[in-house]
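What follows is a single structure, written as structure tokens, with notes after it.
The values are calculated or read from the model by the stated rules, or taken from the named source; none is laboratory data. Just so it is clear, the model here is predicted, and its values are computed rather than measured. The area values use the complete protein model at the heavy-atom level, side chains included, leaving out ligands, DNA and RNA. Shrake-Rupley method; radii C 1.70, N 1.55, O 1.52, S 1.80 Å.
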Amino acid sequence: MKLKRFLSKYGSSMMALALTAVAAEFATRGCFYFAYQPKAPEGLKKFSKNK
């Protein structure tokens, strides 16, 4: 009974905190992916200028 009362009282807050942590982890991975871009090859630079 105590567990059921505890979950009904704090369950939504705990779930929101867990989902926030998961969303923050995915956002961090995405930012790292976009922030780390290796140096572009010379051929790509020439190709984009000719367009």
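Explain nothing, just compute: Karplus ³J(HN,Hα) = 6.51 cos²θ - 1.76 cosθ + 1.60, θ = phi - 60°, for every residue of region 16-27 in order, whole Hz, x for Gly and Pro.
Couplings: 5, 5, 5, 5, 5, 5, 5, 5, 5, 5, 5, 5 Hz.
Show Ser13, Ser8 ordered by accessible area, largest first, where the area counts protein heavy atoms only and the probe is 1.4 Å.
If we order Ser13, Ser8 from most to least accessible, we get Ser8, Ser13.
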